[in-house]
1. At a 1.4 Å probe radius, carbon and sulfur cover how many percent of the accessible area of the range 85-152?
2. With the cut-off at 26 Å, tell me which of the pairs Lys125/Lys237; Lys70/Lys140; Lys181/Lys237; Lys140/Lys247; Lys47/Lys70; Lys140/Lys289 have Cα atoms farther apart than that.
3. If each residue of separation counts as 0.36 nm, what is the full-extension length gain between Ala135 and Ser63 once their alpha-carbon separation is subtracted?
4. Most fluctuating residue of Ala90, Ala73, Ala281 in a GNM of the chain with Cα springs under 10 Å: which is it?
5. So how many Å³ per residue does the convex hull of the Cα atoms of the range 152-295 work out to?
6. Which order do you get for Glu172, Glu262 if you rank them by accessible area with a 1.4 Å probe, largest at the top?
7. If DNA, RNA and ligands are ignored and the probe is 1.4 Å, what is the ranking of His104, His238, His6, His168 by accessible area, most exposed first?
8. What's the FRET efficiency of Met91 with Val142 using the Cβ-Cβ distance as r and R₀ = 30 Å, to the nearest 0.05?
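The values are calculated or read from the model by the stated rules, or taken from the named source; none is laboratory data. Values in this document were obtained by computation on a predicted structure and should not be read as measured data. Virtual Cβ from ideal backbone geometry, glycine too; neighbours counted across all protein chains shown. To get the accessible areas, we keep the full protein, side chains included, count just its heavy atoms, and leave off ligands, DNA and RNA. Shrake-Rupley method; radii C 1.70, N 1.55, O 1.52, S 1.80 Å.
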Amino acid sequence: MAIDIHRLIQGYIEQVDTQLEQIIPAATGPAAQLYAAMRYSVFNGGKRMRPALCFAAAEALASSDANTAKVAASVEMIHAYSLIHDDLPAMDDDDLRRGVPTCHIQFDEATAILAGDALQSLAFKQLTELSGLPAQINLKLVAILSDLAGCNGMVSGQMIDLAATGEHLDIEQLTHMHRHKTGALIEASVLMGALTTGAASEEQLSALSQYARAIGLAFQIQDDILDVESSTQQLGKHQGSDSHNHKATYTSILGMDKARSETQQLYNQSIEALAPFADRAEPLRELAKFIVQRSY
Ligand code: GRG
């Protein structure tokens, strides 16, 4: 039976949001503003692509479970922290995200920095609360998240991005940056979801890694295409912000047609990588299609 992608994503969103509600309760008392800023940044309408990839990767091997929901919450909290910090005046200096004022505009800069910090540490705490997995899998989850969200992944990508602002980049340099900045956390989401099944072989992880690396880059190219073609209302952030900020993009380097064909090629690669999983990988296939066809 064909999968309804919107229902599939909605189901994943409900599972991860239930988990996030438990992890980040509304608080009173001296740190109430910190919790308010964390909740503001997590519960303001993200697409939840990384949690969705976590659940779908688990389902490609076995089934998703309570551990998958915890890991999905973990990657979403890392994502939320990265967006809060990315929007700060010291970084991209943005005032609009997901159609609402960015965290530092709604609260203040110090609160936004602390909300990002707290989300990051809570993400790692989640990995101590998994049950029934062998210790070496638990350690592997921590190592993957630490590597791919940190200085071997997303944070390095962000540093490269900041250093490259206003500079000419060639396509290899741009790809290197985005494999880190955007692709690494997407890869972590897929690998970590698969690991929560306790049943992932090295071959399967390697195939899933190929899938994630292809779709992670396709995600970024589609983001660049939308930055040109979509509207501020649809995107929930300022349209054209990359060119406004003098950033190299796939569309500025390759042109729109080549950027589109590159996205299609990467999509094809992601689907090829899923061959060993047969029908069980249908949710991952549907998410790949959604990622390259999305309009927001
Ligand atoms: C500050 C350490 C640090 C890292 C920031 C992820 C990132 C690195 C910056 C975000 C800037 C950006 C627009 C990147 C392009 C791709 C991307 C990650 C878009 C936002 O992700 P979506 O579309 O967002 O999944 P939603 O709002 O749906 O969750």
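1. Using a 1.4 Å probe with all protein chains present, the range 85-152 comes out at 57 percent carbon and sulfur.
2. Lys125/Lys237; Lys140/Lys247; Lys140/Lys289
3. That pair, Ala135 and Ser63, stretches by 23.9 nm at full extension.
4. Ala90
5. 113
6. Descending accessible area places them as Glu172, Glu262.
7. His168, His6, His238, His104
8. 0.70
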